[in-house]
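Following: one structure in structure tokens, then a few remarks.
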Amino acid sequence: MAHRLADELLKDILAPPLLVSDALFCNTDDVSPFSRVDSSASDVLLVCKRWLRVATPCLYETVVIRSTAQAHALRAALTRNPQFGTYVRRFRIENTYATYLNTKIIATMPNIRELVLPIGVMAADRPTDLYALVANPKIEHFLVVDYRSRGCNVTRRKLLSKAIDAVATWKSLKRVTSSENSWNKLGDKFWDALAVCRTLHTVQIACGWLPTQMDYRRILTNASLKQLAFVTRVDYSHFGGFDVEQWQKANGTCCITFKSPSSTVLLSSYAESEARQERVSELASAAIIASPNPYWQPMASADPETRINIWTRILAFGVEHTNGLAPFRVRHGPSWINYQRVNINVAQNTVLLSKELSVATIRAVSQHLAPSTGQIMRDFCSMMKRYPALQRVPQTLTMICVNTDDDPVQAMLELLQELESAVFRGSWIGQLDSIKWLTAIGPSVGHSLRQLELELPKPTSWDRQTGEVSKGVTLDPVAVFGGLEALQELVWSCDPLHFSEASIPKNMKGLCRLKKLTVTRGHQSLFKFLSEIPLPALEEFILTLAAKRAHKFLQSHGAVIRKFTAPSATTQEDFDSLSHLQELKLSCENTMQFFSSIHCSSMTKLMLMWPTSGSNWIGRYSSAFGFILARRASFPNLREIWLPGHQIWPTSERDEKKNSWIPHSESLASVNIALKDANGRVWRQRLKIE
């Protein structure tokens, strides 16, 4: 059907994968965003000749040059087809390549509207290509970056002088953007040149901290300037010096914007504020439902419980921290609220709006519980008994270092009806006999609980009642795990808990949906019990103990495990039990014994969680890769090796020569194994000049 479409329609279809977004092209971070590109969008041109003809203008609309080979390829293309240069509208160059991009080649691109100029040139460079680019009088958006962040030299000063002279010739310049490493190196003459540019209306400066008054007061003298934006690292409230409000009362033409990662403060002129208010009023009047009743309320015909449930779902998003979990330094008074997940400042404002919203707010903040004392648990239980609808609200329960007895914990668990996640960490120190409430988890919330994390202190602790040293407590495993029918993820780190010999009922449904099991500390009796019950849904097993403790467990359930984090001293017999293993993680405790003696035919993905620091860290990886290449027959299905937590690939052409991972990637690729970094990116070989 594609051959029946007109060229204009086909161009619109092929354009999205070929066009580069403004956010990506205008990115001024310290590391170029194009260094992380792992695929080429130009593959669509290889489908047929018609697609090549129609999509070529879209391909050349944005040109990004990051390597010598790319500059060489562009010169060859424009020398052979000079008309391709007329398609170029945006040009980003991240180094000087004057050997290939001479003045004649630059002249074939007369329609460049957006230019990204690197000012981090070396003294030995001869950036005649950059001189020719800034001489283009049609520039509308000028971006300045500095990836090397070196000191000033003769070549840089000459390049800046050329750019300053070119500003006067740019008759269409509208926007100027500078990176954090470049704004303070442009010099006063550059800002003076912008101050007299009558077409300029937007300037954005990524300065990190508020620049000196002289830097931006020079630009503010430009009568045509409409917006001046500072991208800073701190909030506007922390700035001092220049009084923005006082300045804008006297000069009502420019809008000054301060942007930071945590907040954005926009201080506009009075005239623009009034115009914005009029636009908001027009939109608001258009959105209001026509009704003769001026006191109309949404959901007025619904019953109160329905309205509260809807408001609860809405406010649950409003009171939650927008940037994930709050830092642990946030402290408030004792409460059942989990302050790590709930923004209590927002909740305090919404609870005062109305009676209906106050009830919805209390339910919204009660979705994540973190009681700090036994008395708070008793108070919250009393509240749930008084308001039964509150029993269905809590979704997560977190108890960290709560020193209490058994009664309030068990009473709370019995009242929670829809609990999905529970975390008990570092609790009940010195009171091991008071953790028998574990047997109440299954009967109380086992039908809804999907995640359970339990971390108790080390085996030896002091019993404050008897004054004796307690080495653990013995529980019935069926009573603890028998009711956990919906549990999908279990994290176990409990040395003090021992399990007795118990007869397992045939109709036991506990742990039947368990998919992920993590054991960092545990008694031998735990693995003995788990090896005797069916775990049909188990997919991932993370073990940090000695492998011999879980030997019987691996023999019983190894056939269903797909992902395994292996501890030290894992034997070949253990891997033989993992007959369908697909993903294997090796921590820093593992030795080269795995690569020298282990055989695993089903493994397709290997994750090496080793550090990249120390005296001989690269030698450790080199030895591992050498064993894999030498013993390729022992891992016949291995296709990927991941290095989680590490960004290993170079971001510039200069770094490529010093990178130690590229030779390993090429050697592994020769045997059909891909080496990937933390983001799953493989090394994509760039063009090379033969």
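Counting only the Cα atoms, segment 466-605 fills a convex hull of 120 Å³ per residue. Pairs with C-alpha atoms separated by more than 21 Å, drawn from the list 104/189; 162/657; 563/605, are 104/189; 162/657.
Simple spin-label estimate for residue 102 and residue 400 gives 6.6 nm between the two label positions (7 Å along the Cα-to-Cβ direction from each Cα). Remark: segment 528-677 projects, on average over all directions, an area of 9.3 nm² (convex hull of Cα atoms).
When nucleic acids and ligands are ignored and a 1.4 Å probe is applied, residue 207 ends up with an accessible area of around 10 Å². Excluding ligands, DNA and RNA, the accessible surface per residue across segment 491-627 is 44 Å² with a 1.4 Å probe.
Report the calculated FRET efficiency for residue 414 and residue 682 (r = Cβ-Cβ distance, R0 = 51 Å), to the nearest 0.05. The computed FRET efficiency comes out at 0.45. Heavy-atom surface analysis with a 1.4 Å probe gives segment 621-690 a carbon and sulfur content of 51 percent of its accessible area.
Of 25, 34, the residue with the largest accessible area leads and the full order is 34, 25 (1.4 Å probe).
The heavy atoms of residue 60 present about 40 square angstrom of accessible area, all protein chains included, probe 1.4 Å.
The values are calculated or read from the model by the stated rules, or taken from the named source; none is laboratory data. Predicted model only: the values in this text are computed from it and were never measured. Positions of Cβ are backbone-derived with ideal geometry, glycine not excepted, and every protein chain shown enters the neighbour counts. Ligands, DNA and RNA are excluded from the accessible area calculation, which covers all protein heavy atoms including side chains. Shrake-Rupley method; radii C 1.70, N 1.55, O 1.52, S 1.80 Å.
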